[in-house]
Structures are given as C-alpha cells and as structure tokens.
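Chemist: Here it is, the structure, as structure tokens.
The values are calculated or read from the model by the stated rules, or taken from the named source; none is laboratory data. A quick note: this is a predicted structure, and the numbers were derived from the prediction, not measured. Here the Cβ positions follow ideal geometry from the backbone for every residue, glycine too, while neighbour counts run over all protein chains shown.
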Amino acid sequence: MAAGCDPCDRGRFMKVAGKTVDAVTWQHYYIDGRVGKVMDFMKTRLLDALSDQIRKIQKVVNMHAPGKKVWLGGVGAPWSRGTNNLSDTYAAGFLWLNTLGMSANQGIDVVIRHSFFDHGFNHLVDQNFNPLPDYWLSLIFKKLVGPKVLAVHVAGIQRKPRPGKVIRDKLRIYAHCTSYHNHNYVRGSITLYIINLHRSRKKIKLAGTLRDRIVHQYLLQPFGVEGIQSKYQFVSVDP
C-alpha cells in the first residue's frame, strides 16, 4: 500500500496514518505544459527543483514515520497532460534522465512513470505504438543501470560558489554499478550516464582505477531536422 503525499501538506497525512502504509509517494512535474517552451527542458534551475522536493518529502516522512520508503509515484516534464512536440520529443529526455539520476542519488529507489500510452503527451510510445525517445532512454537505463549508487568526483568543473549565487551544473554525471541482470558485463562493471546541457561537446576523461579500462559508449542523439524537438532518436554504440 502506498500513500500520496504533497510536501505542502506538512505531514498532515503522515501524522495520522504514516505507520500504516508501506511507502509514501508523491508526484513531481517540472513545468506547466500549457506554457512550456523547448529551452525550459534544459534549464538547470528546473532540473534542480526535484532535489528540493525530495528533501522536503524525506523530512516529513522521517519526522512521522522514520525508515518508511519514499517513492516518486508520478513524474513528467510538464503537467497538464504534457505538451505536444515537446514532452514527447528528445528534449524531454534531459528532465527524465535527470529525474532518474537525482532520485537514485537521494535514496529514492522506485520511480514510476505516469503513463506508457495514450495519456496526453508524456507517454513512451505514440498512437501507433512506435517508441518515442524516452522509451529508448528508459530501455537502455533498465538494461545497464543497477541499484547501487556510486559517488562521482568531476575535476575541472568544480567551482567555488560566490555570495548570493547558486552553482547549477550543466554537465551532470551519475554513476552506478552495472545491473547484475545484464550478463554482457562482469560483476564490478560501472555504468556512467551523463547529461550535457552545454551548447558544445564536452570531453570526459576517466581517471584513477577507471583509466585505460574498456569503455562501451551509448550515445543518444536527436535524429532529423527537428533537432532536439525530434520524436526520433539515434543511438550509436561504440565499440
């Protein structure tokens, strides 16, 4: 049994029934789908909004039912059923992958996609069951990413905050042990997934024990003249 929870409720439900549920869920949507623009999907301020919501929910749950599981029970780029030619395109993948990485980093071990088919424009396949970009992103994530989260240190982009200014990273790197269900990789393999919000390519160099290791790169890029608003995605695997 799971209970829905809004951080604005200030724990009213948890005070009464927190101990009777198996998990506490809430829904998170980044923007209003009625007014969303394509560049909204790449704003670091919006990507970071999820982290604040997770902390608020965990604070309420830990206050009234310590140790209770917290799930992200509904998520999408925009609310109001999504936005045609935006939340069903490559652009939405920035928010979706950020959601998966940030949730795992903060101890959320269940993230539920709100709809698979035929609900607004937040779904994973179109009306003819053709996979949309978020479908391929989700599939690769499930195949490669295991539940164990690893700490990441990125040299070269660590900056000291200035007074009154919040640092928001445009290059986001998450790391997990590779899924043990994937028999193509030996135990001890590591999966990195990277979100590049810069307008240019970035070069990543692995250091320490990862230096000179064999790397399989899965590069997801928009396919077609629509650019990041394309509903098609090109996945290249190297080697």
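Chemist: Being over 15 Å from the mean Cα position of the chain (by Cα) and not in a loop (DSSP other than H, G, I, E, B) is the filter; apply it to the stretch 108-144 and report the residue that is modelled with the highest pLDDT.
Modeler: Here the residue is LYS143.
Chemist: Could you list all residues from the stretch 49-88 that are among the charged types (D, E, K, R), more than 21 Å from ASN130 (Cα to Cα) and either modelled with pLDDT under 85 or part of a helix (DSSP H, G or I) (or both)?
Modeler: ASP52, ARG55, LYS56, LYS59
Chemist: Go through the stretch 19-48 and give me each residue that's β-branched (Val, Ile, Thr) and part of a strand (DSSP E or B).
Modeler: Hits for the stretch 19-48 are VAL24, THR25, ILE31.
Chemist: For residues that are loosely packed, with under 11 Cβ neighbours inside 10 Å, assigned to a loop (DSSP other than H, G, I, E, B) and not small (Gly, Ala, Ser), tally how many sit in the stretch 203-218.
Modeler: Count: 6.
Chemist: Among the numbered criteria (1) among the small types (Gly, Ala, Ser); (2) within 26 Å of ILE194 (Cα to Cα); (3) modelled with pLDDT under 80; (4) surrounded by fewer than 16 Cβ atoms within 10 Å (Cβ to Cβ), which one does GLY33 miss?
Modeler: Failing condition for GLY33: (4).
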